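Working notes for the structure below.
The values are calculated or read from the model by the stated rules, or taken from the named source; none is laboratory data. Just so it is clear, the model here is predicted, and its values are computed rather than measured. Using ideal geometry, Cβ is built from the backbone for each residue, glycine included, and neighbour counts are taken over all protein chains shown.
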Amino acid sequence: MTHSTLFSRRTLLGSAITGAATLALPSFVHAQAGRAHVVVVGGGFGGATAARYLRQRAPQVRVTLIEPAERFITCPFSNLYLAGLRSWDSLGHGYDGLRQAGVDVVHARADDVDTAARTLRLSSGQTLHYDRLVLSPGVDMRWNAIEGYGEAAAQTAPHAWKAGAQTQLLRQQMHAMADGGCFVMVIPDNPFRCPPGPYERAAMVAHYFQRHKPRSKILLLDAKDNFSKQGLFLQAFKMLYGDMIEWVKQSDDGQVLRVDAKALEVETVFGTRHKAAVLNVIPPQKAGFIAERAGVTDASGWVPVKAESFESRQIAGVYVLGDATIAAPMPKSGFAANTQGKVAAAAIAAELTGQPAPVAAYANTCYSLIGPDHGISVAGVYRAQAGKLTEVPDSGGVSPLEGNAAFRAAEARYGAAWYAAISADIWDR
């Protein structure tokens, strides 16, 4: 792939994110739209996008966003906080912009759903009635899927896979670690939130260690043999950090079966024990709690959705976005959730206003920073075909292995620009 081809595909992605569509259900008549109420649960990349764009497409529809946090802390770029390349405040986004756009924002937790009565019960005790429900609940950890790694263990061996207190705890442990210690990361099998995320984290931890604890090591114990952007990551690990990072794949005894969080020790399938100075366990995951309560998850723990709209395949009138969904070949990423939110907003607006359903278009770009001036990316465009999501041929790809220093530095800048642009698109305007 040439550099110019990669750039042109990124241009295609920029136009594709504005597309949206679904198959229409029997519609409300136009007069009813003004009385319709759409409730959105989750104020992250998917939910906040859906709320904002639904207000734009159908301003006569009442939209309520339910989100416990007054400021949303993004998982994207949280690894840069670990490296000291981003401040904590730079990861946080408030909801005043959505309020100004006409969204009713309620800071509470969604505790239960009655999809037959179309009601949502909140932690405040309030019950909301809805005509359409959008769930963007993110992920929950599968506690004890790895023996010994329950919720309490995360206070000693943090996962930091939900940005917030866990991220801050992991950084504190890194700072407190003596030079020469070993940072051990346990990486799950697919599917999980942000497939390239563990490897970007390894690079950002290595960047911090290189400056402050140069005798330290990073051990990656992986439950799979292949990962997103693998060639690019391994090339950059060696080039930027020498032998500091060691990746052990599943077939080389990388899969962890047991965790002793108090001892900061893990045991692999073959019985090998590894002692850590800092232990970062990323466990297997599933759709967030409220998806289970709504009855939209299947036996996998994830949510099957209609490719044309991201409406639940289980329950009509409930749309599910982002990491909680079964949406392969789309990855579980912030950009993917953002485009899915636009699709769902267009679908719901079309239903409630009696308009034709537009044609769905989805896109994803995922930037990973390996050093301050070394970025890589993967991109793709997707369509709904015969009820399934398919990647448009030749629509994306990964950064070229032969990219020079200037190209890698440009990708690092593009990543920062992407974060600023998508934050403005969702929250900061």
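Points worth noting:
- Residue check for Glu200: of a type in the set (Asp, Glu) and within 21 Å of the chain's Cα centre (by Cα): yes
- Scanning the stretch 29-56 for residues that are in a helix (DSSP H, G or I) and at pLDDT below 95 turns up His30, Ala31, Gln32, Ala33.
- Test for Gln355: is it closer than 19 Å to Val38 by Cα and touching a strand residue (DSSP E or B) at 6+ places or on another chain (Cβ under 9 Å): no
- Whenever a residue of the stretch 181-210 is surrounded by 20 or more Cβ atoms within 10 Å (Cβ to Cβ), its partners that are assigned to a helix (DSSP H, G or I) and among the aromatic types (Phe, Trp, Tyr), lying with C-beta atoms within less than 6 angstrom and at least six residues away or across chains, give the pairs Tyr199/Phe233; Ala206/Tyr241.
- Counting only residues that are over 20 Å from Gly334 (Cα atoms) and of a type in the set (S, T, N, Q), the stretch 50-108 holds 4 of them.
- Qualifying residue in the stretch 80-87 (condition: modelled with pLDDT of 95 or more, on the phi > 0 side of the Ramachandran plot and within 24 Å of the chain's Cα centre (by Cα)): yes
- Test: residue in the stretch 298-313 that is of a type in the set (A, V, I, L, M, F, W, C), closer than 30 Å to Gln155 by Cα, part of a loop (DSSP other than H, G, I, E, B) and assigned by TED's automatic domain parsing to the domain that holds Val134: yes
- Of all residues in the stretch 69-80, those that are closer than 19 Å to Ala416 by Cβ have Cβ atoms under 6 Å from Cβ atoms of residues that are of a type in the set (Lys, Arg), 6 or more apart or on another chain, in Phe77/Arg86; Asn79/Arg201; Leu80/Arg86.
- Looking only at the stretch 288-301, residues that are more than 30 Å from Ile218 (Cβ to Cβ) and either touching a helix residue (DSSP H, G or I) at 6+ places or on another chain (Cβ under 9 Å) or hydrophobic (A, V, I, L, M, F, W, C) (or both) come to 7 in all.
- Being charged (D, E, K, R) and either modelled with pLDDT under 95 or exposed (fewer than 15 other Cβ atoms within 10 Å of the Cβ) (or both) is a property that holds for Lys275.
- Inspection of the stretch 197-210 finds no residue satisfying the criterion of being more than 20 Å from Pro372 (Cα to Cα) and either not assigned by TED's automatic domain parsing to the domain that holds Lys332 or not in a loop (DSSP other than H, G, I, E, B) (or both).
- Strands (runs of 3 or more DSSP E) lying entirely in the stretch 89-155 (those with 3 or more residues that are under 20 Å from the mean Cα position of the chain (by Cα), modelled with pLDDT of 95 or more and of a type in the set (D, E, K, R)): none
- Screening Val343 with (1) closer than 30 Å to Ser399 by Cα; (2) buried (at least 22 other Cβ atoms within 10 Å of the Cβ); (3) touching a Lys or Arg at 6+ places or on another chain (Cβ under 7 Å) gives one miss only, at (3).
- Test: residue in the stretch 316-330 that is within 18 Å of the chain's Cα centre (by Cα), surrounded by fewer than 23 Cβ atoms within 10 Å (Cβ to Cβ) and over 30 Å from Arg408 (Cα atoms): yes
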